Amino acid sequence: MTLLSRRRFAALSLSTLAAPMILSKGAWAQGKEIQIGIWGGSQGEFVRKNIIPQFEADFGCTVIAEEGFTLANVGKMQATKANPKFSVMFIDDVAIPTCRAEGLIEELPVVDMPAAAHLMPRFAYDGWGTGVAISVAGLFHNTSIEAPKTYAELWGDAYRGKLKLVSPKNTPSVFFLIVAAAVKSGKPFAEAQYLIDDSFDQVEALKPNIMNLFDNGPQAANEVAQGQADIGLMELSKYVYPYAAKGAPITMAFPAEGSFGGNNCQVLVKGGPNRDLAVAFMNRMLEAQVQKSFSEFALTAPPVSGIAFEEPTLKYIAYPETQMDSRGLFNPDWNFINTRRSAWTERMNGIFAV
Amino acid sequence: MNDDISPVLKICVWVLLALVVAPLVVPVLMSVSDTPFITFPPQGFTTEWYGKVLTDAEAQGTFLFSLKLAGVVTLISLILGVPCAAGLVRYDLPGQGLILGLILSPLIVPLIVIGVALLQTFAMLGSRATFAQLVIGHTVVCLPYVIRTVSGSFVLVNRSLEDAASVMGASPLTVARRVVWPQVRPGICAGGIFAFIVSFDDYPISMWLADGRNFPVPLFLHSMIERSFDPSIAAMAALMIFFALLLVLMIEKAFGISLARLIS
């Protein structure tokens with residue numbers, strides 16, 4: 001029979017008492033490492049400098065973040081599909097159907113993500129990803145210019161050579177195509193998105209008003225702020241409002257036809273290393289405190305409900321959910337669009353190439 | 001020698017130089033603008049953007065990382081490239097055209113394709129060594145520059161001087177050191193400079209292979225542009241221009257490669 005000394009008994013008792021606390025701090029994750037693909041820009045900066053260090057401290061793990069953008073991040077998942085390198089990937093909602101169809105991502109274990117309880121259903125993507133940051137897409141213009149009340153006005157002679165148009169390779173170019181279809185057909189975005197194929201004459205009619213095409217939102221916002229162009233279309237608020245908040249003479253406009261939701265999401269890479277840690281990280285991204293500070297820094301709306309913001313932030317974001325509805329935040333049918341987008345890109349290139 | 005150059009040619013050269021250099025002046029001017037966003041012409045004058053960049057730990061880290069990466073890549077490119085160029089010029093090898101074509105192919109194939117192919121290969125091999133991956137990727141891209149430049153030097157080597165030195169009793173090592181090296185040195189240095197600059201400036205390969213711990217300057221610049229388009233980006237660009245200028249001056253001082261010798 002083994003006898004316990006008083007000292008050993010005390011040590012065992014203390015460790016037994018302390019175990020739940022250590023475990024709750026993520027002892028199971030000690031020493032584990034995951035690699036995640038995030039965005040660049042101010043969002044990426046905040047994730048790297050604020051969210052990840054705290055998560056690493058709480059779980060005793062290592063998170064290596066690689067900055068990128070949706071197309072590159074999907075490309076990285078495709079290239080490493082045989083032996084996944086990433087565990088979590090940040091992409092726009094536009095790419096979720098493609099990633100799902102190609103078997104690059106897996107369905108989220110929502111039971112292991114308590115913070116997902118407050119996720120707005122519109123940002124749940126049937127369980128194949130969650131929203132992380134919601135921007136509003138619309139027009140951006142120099143504050144010395146009066147913004148048009150409707151998108152249809154942009155086709156007028158008053159804007160000849162004064163507009164900057166988003167490049168066909170950027171996601172907001174799809175929003176522009178939907179706008180063109182809506183202007184031509186007079187139908188709401190939800191119906192107009194299915195009429196794009198017949199609306200390229202409307203797209204071409206805007207050509208005389210286009211000064212040039214841009215593929216870098218912050219750079220285009222800077223040019224409009226300097227007065228090199230009157231209006232830019234279309235872009236996400238997350239690229240424009242940081243300038244407005246700094247005092248640059250630029251702001252956004254959301255014409256009567258409605259505006260678009262630019263939904264930054266997170267997905268779980270299929271077969272990625274340390275899945276449990278990856279799920280914990282995704283859960284962390286949805287926690288109210290993280291979402292509040294993230295939204296205030298990047299000036300994007302959270303995809304979860306129940307967060308209180310001060311007026312300076314609310315000025316720039318569509319939040320709460322009722323605000324998203326009242327602004328007519330439209331989310332396109334990406335399943336329909338993705339199968340046609342390359343053909344549309346070629347047609348747009350054909351129109352604006354020269 | 002300058003007397004032989006016609007005034008028309010001199011004017012053409014100066015105009016050409018102005019056209020090449022003028023765009024480099026723009027970021028330098030924008031970097032001193034006293035505005036929270038980039039503007040040209042600059043408004044006001046401040047050096048605070050340089051202070052912001054130079055004291056930013058992230059900028060320092062990426063700069064030092066890029067220096068290390070470009071240094072290692074240059075060294076490996078020279079170690080592999082110089083013997084390869086010498087062999088291709090001096091020996092009649094079977095399949096020489098094929099070898100040369102394969103080595104020079106990164107100049108033809110889009111770098112973004114090479115980057116994704118390398119990522120796929122490394123993933124299949126299960127490699128997690130990001131720095132080694134970046135070194136291999138950059139070396140693949142830099143090697144053609146070294147081989148092209150160095151093989152040009154070897155083609156121009158006067159073989160009769162080598163024969164004369166051998167006849168006079170010089171050992172092969174002495175011939176290489178005293179006769180061949182002075183003739184190929186400008187080409188090797190030029191190849192090294194090219195390799196360093198190509199690696200230091202590379203974005204498409206690094207975009208696929210880098211990660212948060214191994215983050216080179218071009219990716220950092222792109223990230224800064226996305227974060228906020230303020231004059232600190234112009235300051236960073238200006239610093240890179242000054243650095244490249246300093247590099248050329250240092251190499252000129254250390255190796256004595258005059259412009260005329262590089263051109264010849």
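The values are calculated or read from the model by the stated rules, or taken from the named source; none is laboratory data. Just so it is clear, the model here is predicted, and its values are computed rather than measured. Using ideal geometry, Cβ is built from the backbone for each residue, glycine included, and neighbour counts are taken over all protein chains shown. The area values use the complete protein model at the heavy-atom level, side chains included, leaving out ligands, DNA and RNA. Shrake-Rupley method; radii C 1.70, N 1.55, O 1.52, S 1.80 Å.
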| field | Distance from region A:142-219 to region B:190-221 (C-alpha centre basis), Å | value | 37
| query | Which angle between 0 and 90 degrees, to the nearest 10, do you get for helix B:111-125 versus the longest principal axis of chain B when only C-alpha atoms count? | reply | 80
| field | Distance between modelled label sites at A:Q289 and B:M124, nm, 7 Å Cα→Cβ extension | value | 4.7
| Dividing the alpha-carbon radius of gyration of region B:112-264 by 2.2 N^0.38 Å (N being the number of residues), what value is obtained? | 1.36
| message | With the alpha-carbon atoms as the only input, what is the per residue convex hull volume for region B:185-224 in Å³? | response | 66
| field | chain B: calculated mean residue ellipticity at 222 nm from DSSP helix runs of at least 4, using -39500 (n - 2.57) | value | -24500 deg cm²/dmol
| note | Most fluctuating of B:D34, B:D163, B:D211 in the GNM of chain B (C-alpha, under 10 Å) is B:D163
| request: For chain A, evaluate the Debye formula with one uniform point scatterer on each Cα (no solvent term) and list log10 I(q)/I(0) at q = 0.08, 0.13 Å⁻¹, rounded to two decimals. | output: -0.43, -1.02
| For chain A, what is the calculated [θ] at 222 nm in deg cm²/dmol (nearest 500), taking -39500 (n - 2.57) for each run of four or more DSSP H residues and dividing by its residue count? | -11500 deg cm²/dmol
| task | Give the percent of DSSP beta bridges with both residues in chain A that are antiparallel, rounded to the nearest 5. | result | 60
| query | What's the angle, to the nearest 10 degrees (0 to 90), between helix B:217-227's Cα axis and the longest principal axis of chain B? | reply | 20
| task | Work out, step by step, the length gained on full extension between A:Q54 and A:E153: first 0.36 nm times the residue separation, then minus their alpha carbon distance; give nm to one decimal. | result | 30.8 nm
| request: Show B:H222, A:H118, B:H138 ordered by accessible area, largest first, where the area counts protein heavy atoms only and the probe is 1.4 Å. | output: A:H118, B:H222, B:H138
| task | Please check which bits of region B:224-241 a label hung off B:T55 would reach, taking the label as a point 7 Å along Cα-to-C-beta and the cut-off as backbone N under 17 Å. | result | B:231-233, B:235-236
| How many nm is it between the label spots at B:R213 and A:V111, if each spot is 7 Å from the Cα in line with the beta carbon? | 3.5
| query | So which residue, out of B:T47, B:T130, B:T139, gets the largest mean-square fluctuation from a GNM of chain B using Cα contacts under 10 Å as springs? | reply | B:T47
| remark: Quick shape summary for the protein assembly as shown, equivalent ellipsoid via Cα gyration tensor, semi-axes whole Å in descending order, reads 48, 36, 24
| task | Leaving ligands, DNA and RNA out of it, work out the accessible area of A:D92 with a 1.4 Å probe and give it in Å² to the nearest 10. | result | 30
| DSSP bridge pairs, the protein assembly as shown: antiparallel proportion in percent, nearest 5 | 60
| remark: Per GNM of chain B with C-alpha springs under 10 angstrom, the most fluctuating residue out of B:V135, B:V20, B:V109 is B:V20
| request: For B:T46 paired with B:L102, estimate the spin-label separation in nm (one decimal), with each label point 7 Å from Cα along the Cα-to-Cβ line. | output: 5.6
| remark: Cβ-Cβ cut-off under 15 Å around A:S185, Lys and Arg +1, Asp and Glu -1: the net charge is -3
